[in-house]
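Below: one structure, written as structure tokens.
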Amino acid sequence: MKLGISKIQNRVSQLLYSLDLRFLAKWLFYILLIALIVGSVSAFFLVALDAVTSIRESHIWIVYLLPLAGFTIGWFYFHYGKNANKGNNLLLEEIHSPSSILPIRMAPFVLLGTLGTHLVGGSAGREGTAVQMGGSIAHQLVRFFPMKIHEQQTLIILGMSAGFASVFGTPLAATIFSIEVIRIGSYRNKLIVPAFLSAYLSHLVCMFWGVSHSQYPKIPFDFNGTIFLCLVVLAAVSGWVAKLFSLILHYISHLFSRWIHYTPLRPLFGGVLLVILFILGLNSEYFGLGIPTIQKAFHVSLPKESFLIKLLLTALTIGSGFKGGEVTPLFFIGASLGNLFGYFDPSHLILFVGVGFISVFAGATNTPLACAVMGIELFGWSCGIYFFLCTGIAYIFSGHTSIYQSQMIGKTKPFSPSSDLGKKISELKK
């Protein structure tokens, strides 16, 4: 009798072992496939982005084509884009309430739309493009392999992680971002390992194609009362600036939607306003990604109004309907904001710039942990304690606002209304 029971137990153990191996092999295959495709697409995107940026910088008159490019992008999205026009919000909505497979057209549309925006000088980023491409590409596996709802959600998160990591070269931050951005204050901890594998492998694939990422100085650790006070104030102000950016961005988008009913005309008029600003003498360094200015901020003083100009220009570009992300412009806004604190303590300029760089991003996306880890990956471990402190403060001071209207509040922030719990950002009373 005991021998029979022992055989049954062994058989059950073998069956469970084989099922686990099949499960692991299946998801490892999915992760490898996502990393290979998304990493390669991101590599192409980054090379193409550098190319169109070089063309614009060599022929600055192209900025005058902003209205035409805006209308073209808007027209294609209006007639052929369908719900792909929602961008990152569509990814979050599909994770919260799965209803259909993300349209594959989302990837080429946002890719070409972003390249078009940057060719003519629109102030936009690249994170939104990478995350949208990654999420939509990964979700296409549902067409070939039967999956449950939670598995489909996992695919989108893995794709988001892969896209973020391959574009920025920060796989750890990408891992945390993809599980932190979904619901404010809560995390899907079970997905850390697969998200990291997807992020890291996608990053390696992108590097394999010879694509390099922006380099920033390593920030040494130092401490005194002045430094600590400046950092706390900078973090709080970063949260307020992030909140201001989110509110202005959504307000401009609302105004354009309310006043201009034919969608393709919105980026056309937005382009006209951008051209007028350029004609009036706005420096060309505020157009496009602005990476050279971000790197310059670590070493020399920038004009005091730099962060505000970039904030308004980006809000106008994205709010009127041009395509691209908000994160690199947020880096610009944060770095130039931190640069202001160099007037109080010039010897620690790079520390203030680095902290501003990640803190505004943390406040605008409600991802303090991911942003602190990004600071470590970009600027070194020495000031890690400052990064966690400042991104946390910025997260609190930005309140229940976000650049992603479909982000849900899983845990209310300190000093924010508890009645907001469980709601989307778009559902909150402004």
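The values are calculated or read from the model by the stated rules, or taken from the named source; none is laboratory data. Just so we're clear, the structure is a prediction, and the values are computed from it rather than from any experiment. Here the Cβ positions follow ideal geometry from the backbone for every residue, glycine too, while neighbour counts run over all protein chains shown. Surface areas here come from the heavy atoms of the whole protein model, side chains and all, with no ligands, DNA or RNA. Shrake-Rupley method; radii C 1.70, N 1.55, O 1.52, S 1.80 Å.
Here are a few things to note about the model shown:
- Full extension of the chain between SER212 and PHE415 yields a length gain of 68.9 nm, computed as 0.36 nm times the residue separation minus the alpha carbon distance.
- Helix 368-379 and the longest principal axis of the C-alpha atoms of the chain enclose an angle of approximately 70°.
- Net charge over other residues, Cβ less than 11 angstrom from the Cβ of LEU112 (K, R count +1; D, E count -1): +2
- Summing charges over all other residues whose Cβ lies under 12 Å from the Cβ of VAL327, with Lys and Arg as +1 and Asp and Glu as -1, gives -1.
- Taking label points 7 Å from Cα along the Cα-to-Cβ direction, SER186 and PHE144 give a separation of 3.3 nm.
- 3J(HN,Hα) along segment 353-362, derived from phi through the Karplus expression 6.51 cos²θ - 1.76 cosθ + 1.60 where θ = phi - 60°, amounts to 5, x, 5, x, 3, 8, 6, 5, 4, 4 Hz, with x in place of Gly and Pro.
- If the convex hull is drawn through the Cα atoms of segment 301-409, its volume per residue in Å³: 103
- 10 Å-binned pair-distance histogram of the chain (Cα, whole percent): 5, 22, 32, 26, 10, 3, 2, 1, 0, 0
- Angle in degrees between helix 106-119 and the longest Cα principal axis of the chain, rounded to the nearest 10: 20
- Spacing of the two label points (7 Å from each Cα toward its C-beta) at ASP20 and SER301, in nm: 6.3
- Angle between the chain longest axis and helix 265-279 axis [Cα atoms, degrees, rounded to 10]: 40
- Residues with amide H under 5 Å from that of GLY325, placed H, sequence gap 5 or more: GLY125, ARG126, GLU127, GLY128, THR129
- Between LEU282 and PHE228, the simple spin-label model (points 7 angstrom out along Cα→Cβ) gives 4.1 nm.
- Under 5 Å, built H, 5+ apart or other chain: amide partners of ILE184: MET408, ILE409, GLY410, LYS411
- Förster-model FRET efficiency, 41 Å R0, ILE55 and SER347, C-beta, rounded to 0.05: 0.55
- Solvent exposure ordering (accessible area, 1.4 Å, most first) of TRP27, TRP381, TRP75, TRP209: TRP381, TRP209, TRP75, TRP27
- With the highest mean first, a sort of the peptides 393-405, 46-58 on other beta-carbon atoms found within 10 angstrom per residue produces 393-405, 46-58.
- Residues whose amide H falls under 5 Å from that of GLY288, counting only those 5 or more places apart or on a different chain, are GLY122, SER123, ALA124, with hydrogens built in the peptide plane.
- Given charges at beta-carbon only (K, R positive; D, E negative), |dipole| of the chain in Debye: 1320
- Percentage relative contact order, segment 88-161, counting C-alpha pairs under 8 Å, at least six apart: 37
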